[in-house]
C-alpha cells in the first residue's frame, strides 16, 4: 500500500484517484479530499489523531470503503450514514463508546469496530439487510440487540472479549452464520483445563525468515539454539487484542484441541521477548505446502479469493476434504469450534491430498455440560465446511464433473438454511474419509 501525502493532495496531483491513503498526524479532516468526490471509492485515514469527520461527508457519493482505525473517535460519526454508496466501515482501535443508528449506512455490508468501548448496539444494526460481516471483538457488550435476528445475510461475527453473560437463542438460528468467535466472554460455561505447554525462552531462538502473516500475528521460521538445533514456526502475536480475540484464548483453545495429523497446534510457548510480545512455537510444515487460497477481499467480503483460473485435481480435493472433515470432527469431539475455517487457513500439497488446518485465533471452547448449545454452535461451522466444499468443487476440471455431482447433495445439506438440519462433522468425516 502506497501512502499519499497532504502535499500531493493540495497540489492536485491525485485528481481522479479512486483510493486515498493518508496518515500524517491529522487532527482534522482535510477539505481538499472533496476535490476527489467524483472518483473516490476507498478512503484510508487510519493512524491519525482524528476525532470527527465533516457533516457533509455524504458529498463523497462514490465512497464504498472507509478506514479510520487507530484514531481518537469516541463515537461513530453520524455523517457516515449520509454516504449513499458506503458498504465497508472500519474504526478499529479508537475509543468509541457510542454507535448512533444514523451512523450506519443503508448499504452496510462490513463493519469493523474491534477494540473500542461499546457497551450496547443500536436496534438499527439489524435493519441493514446487506450486513454480512460484523467485527466487535474487544468491546464491553453485555447483550446483542434482538433485531440482529433479522440479519439474514450475516455470515461472520466476532464477539470475543466482551461482557456477554449468555447467548440469545436466535444467534445459532441465523441461516448463513458460518464464522463465529466467542472466547473471552463470561458466559458461565464450565470449561476443561488446558494442558500446560513447555516454555522456550526467546534468547534461545534464532529468527531465520518470515513465513507469513494472519489477523492475529506474524509467522517466522526460527531455530532453537543448543542441543538438537530444532527448527520451529514461531507465531508472534500482534498485540493484546486482535480482530479475532486475545492470544491467551487462542493458546487455550488450541491446547485443548490436542494433536491431530491435519491440525497445526502449538508445541510450546515462547517467553521473554524483549518487547514483551507473546508467541507460540509450532511444528514447521514440510516443504511443498501452500495456502489453499487468499483471504476475503473487499469485494468478496466473506469468501476466500482463489488464483484466477485455478483448477484442482479431484484426487487431491478428495484428500483435502477428507483431511479437513476429520480435523473438524476431532475439534468438535474435543469441544472446540475453530471459528475461522477458511481455505486461507488451510495449507495443502498441490501434488497430493495432504492438508493441514491452522490459526486458532477465533476458536471457542464449547460448553461441555450444555449439549444443545454446543451442538447448535457446531452446526454453524458445518456451514463453513460446506462453503469450502462448494468452492473446491466449482474448481474441478470438467472431466471430474461426475464426482462433483455425487457430492453436491452433501454441499446442499451443509448449507441448509436451518442449522439443525445440517449433518455433523463426524458424519461428513465418514462420508469423505
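Throughout, read-outs are computed from the coordinates displayed, never taken from laboratory work. Since this is a predicted model, take the numbers as computed values, not measurements. Note that each Cβ is placed from the backbone with ideal geometry, even for glycine, and that neighbours are counted across all protein chains shown.
Overview of results
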| item | result |
| --- | --- |
| Overall dimensions of region 289-432 as given by Cα atoms, namely Rg and Dmax in Å | 14.8, 48 |
| Residue-span extension gain [residue 37 to residue 213] - 0.36 nm each, minus C-alpha spacing | 60.0 nm |
| Computed over region 226-310: relative contact order in percent, which uses C-alpha pairs under 8 Å that are six or more apart | 27 percent |
| With Cα atoms, 0 to 90° folded angle of helix 314-333 axis to the chain main axis | 90 degrees |
| Hull shadow area, averaged, region 199-282 [alpha-carbon convex hull, nm²] | 5.6 nm² |
| Bins of 10 Å from zero: percent of alpha-carbon pairs in region 92-240 | 10, 31, 26, 18, 12, 3, 0 |
| Mean Cα-pair separation over length for the chain, i.e. relative contact order, pairs under 8 Å, 6 or more apart, % | 10 percent |
| Taking the convex hull of Cα positions in the chain, its mean projected area over all directions (nm²) | 21.6 nm² |
| Per-selection Kirkwood Rh - region 246-286 (Cα, Å, 1 d.p.) | 11.2 Å |
| Sites residue 163 and residue 194 - FRET efficiency at Förster radius 30 Å, r taken between beta-carbons, to 0.05 | 0.85 |
| Fluctuation leader among 280, 196, 264 - the chain, Gaussian network, Cα springs under 10 angstrom | 196 |
| Percent antiparallel among DSSP beta bridges (both partners in the chain, rounded to 5) | 50 percent |
| Angle between the chain longest axis and helix 247-257 axis [Cα atoms, degrees, rounded to 10] | 20 degrees |
| Directionally averaged shadow of region 232-329, computed from the convex hull of its alpha-carbon atoms, nm² | 8.5 nm² |
| Separation between Cα centres of region 268-305 and region 1-64, rounded to whole Å | 32 Å |
| Likely footprinting exposure, 68, 191, fewest C-beta neighbours within 10 Å first | 191, 68 |
| Order by protection proxy (mean Cβ within 10 Å, highest first), peptides 324-336, 161-173 | 324-336, 161-173 |
| Sites residue 8 and residue 28 - FRET efficiency at Förster radius 22 Å, r taken between beta-carbons, to 0.05 | 0.75 |
| Length-normalised contact order of region 374-427 in % [C-alpha pairs under 8 Å, at least 6 apart] | 53 percent |
| Folded to 0 to 90 degrees: helix 371-393 orientation relative to the chain principal axis, Cα | 80 degrees |
| Extension gain (nm, one decimal) between residue 101 and residue 203, 0.36 nm per residue minus Cα-Cα | 31.7 nm |
| Long-range tail of P(r) for region 6-181 (Cα pairs > 21 Å, %) | 47 percent |
| Residues 39, 242 arranged by fewest to most Cβ contacts within 10 Å | 39, 242 |
| Simple spin-label estimate for residue 351 and residue 271 in nanometres, 7 Å along Cα-Cβ | 4.3 nm |
| Gain on full stretching of the segment that runs from residue 123 to residue 225 - 0.36 nm per residue minus C-alpha separation | 31.1 nm |
| Value of [θ]222 nm, deg cm²/dmol, for the chain, DSSP H segments ≥ 4, -39500 (n - 2.57) each, nearest 500 | -6000 deg cm²/dmol |
